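Okay, so here's the structure we're looking at.
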Amino acid sequence: MTSVLLLILGLVLFVGLVVVHEFGHFLVARRNGVEVEEFGIGFPPRAWSRTMRSGFLFTINWLPLGGFVKMKGEHDADTRPGSFGAASTWAKGKIMLAGVVMNLLAAFVLLMVLAWVGMPQLVDHQFTVAKDSHVSRHQVLVGFVEKDSPAHHAGLRSSDALQRMGTAGHLQTISSASQLPNITKQLAGKRVEVQYVRAGQQHTAMVQLRSAQEVTASQHSSNPKGYFGISPADYKLTRSTWSAPVVAAGLIKQFTVLTFHGLGTAIGALFQGNTAKASEQVSGPVGIVVVLREGSLMGYQEVLLIIAVISLTLAIMNVLPIPALDGGRFFLLFISRVLAGKPLSEAMEERIVGASFLFLLVLVALITVVDVKRFF
C-alpha cells in the first residue's frame, strides 16, 4: 500500500514539475507587462475554470499531462500593447527561460532536502562532501533476476532487500553485495532460507541453490550461471548537514555533465545507424512510470531523487535549440531580432515551430514503443 501511495505521489510531482515550469513563464510574463490570458493545469478538454481578479482565466483540464500558459499575442511579430510580441527582446528572453530557471530551482531544493534526509546513490562516484556525510541506511538489493534460476523460482524480484540467508538455525546476515557470492558458494547445493523485505513487508523464501558442479560446468558455456541467480547491488542513503546546499549544487553539475554525455552518445549512435544503442540513452512517459514504480518500492527518497533528476532534465532539454521548446524559441528570437534585426513573420514562426513540434511528437511515439519493448 505504501508503494502505491509513493507511486501516486511520484506521478503527481511529475505533473507538478511541468506546472512549476509554466508558473515561471506566468510570473515573469506578468512582471514584464505581458498579459496572461489563461493558466491551465493539465490539457483540454476543460474540467473547471475561474476568472481571477487580475483578469486571467485559471483552468483545470482533464488530461493530467502538465500545464500551460497562454499569453496575449504569442507570436514575435505581434505589436499589440500587452502582447508577448510587443515586449522587448530582453523581456522575451527572460519569459522564455523562466521555466528553465524554475525547474533548476525545483531540482536544487529537492536535492538539498534529500541531502538532509538521506540521498540515494544513483551513479558511481556520486558527488558528496566527505567531511559532512555519513551512511544512514545500507541495504543489499536484488538487481537482475535470472530467468529459471533458484531466485526466480522462489519468487524473488528486483528491488527486494536481502537480509539473511542460511540453513535452519544458521542464518548469515547479508551485509554487502560483495559478500553474497561467498555465502552462496558456502551453501552450494543446499536448500536454504532467505529472509528479505519487499515494499516494507518481511518475507521468507526457501531456495534450492545450484550445486558447485552445475555452476562450474556452466562457466565453460555461453550461459554462465551463479548459485543463486541474481545480481545484487548495495543501496545506501547518505546524510549531510551544513553541506546540503553544496551537495545539491555539485549533483546538479555532475548529473548535467552525465546528461549531455548521454545525449551525445545517443546522437552519435543515431548517425551510425545504431538505433538500439541510441534508445538506451533516453526514456519516455512509459519509462518514467516504470522507473517511478520501481523507485516507490525503495522509499520516498528514491521517488524524490527521480523527480529531482527529471526536473533537471526538463531544464536541460528546454535550453536545447529545438524550436518547439523554450531554448529553440529563444534561439529563433536571437537570430531574428539580434542578428537579422527584424522579427519572424507569424507564418514563418508557425511553420518552424509546428514542424519541430511534429518531430517531437514522432520522437516521443518512437521512444514509447521502445520503452514498451524494453519494460514489458
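A few notes on this one:
- Residue within segment 25-35 that is in a strand (DSSP E or B) and either among the charged types (D, E, K, R) or touching a residue at least 40 places away in the same chain (Cβ under 8 Å) (or both) present: no
- Of VAL338, VAL282, VAL289, all but one fail to be among the hydrophobic types (A, V, I, L, M, F, W, C), surrounded by 15 or more Cβ atoms within 10 Å (Cβ to Cβ), at pLDDT below 85 and assigned to a helix (DSSP H, G or I); the exception is VAL289.
- THR79 being exposed (fewer than 15 other Cβ atoms within 10 Å of the Cβ) and either modelled with pLDDT of 90 or more or within 30 Å of ILE252 (Cα to Cα) (or both): no
- Scope segment 158-182; condition within 24 Å of GLY299 (Cα to Cα) and touching a Lys or Arg at 6+ places or on another chain (Cβ under 7 Å); matching residues: ASP160, THR173, ILE174
- Residues within segment 341-361 that are assigned to a loop (DSSP other than H, G, I, E, B) and of a type outside the set (A, V, I, L, M), tallied: 4
- Qualifying residue in segment 246-258 (condition: loosely packed, with under 13 Cβ neighbours inside 10 Å and in the same structural domain as LEU320 (by TED's automatic domain parsing)): yes
- Members of segment 46-92 found to be part of a strand (DSSP E or B) and either touching a Pro at 6+ places or on another chain (Cβ under 6 Å) or polar (S, T, N, Q) (or both), listed by number: SER49, THR51, THR59, ASN61, TRP62
- Selection status of VAL20, of a type in the set (Val, Ile, Thr) and either in a loop (DSSP other than H, G, I, E, B) or modelled with pLDDT under 90 (or both): no
The values are calculated or read from the model by the stated rules, or taken from the named source; none is laboratory data. All values reported here derive from a predicted model rather than from experimental measurement. Every residue, glycine as well, gets a Cβ built from its backbone with ideal geometry; the counts of neighbours run over all protein chains shown.
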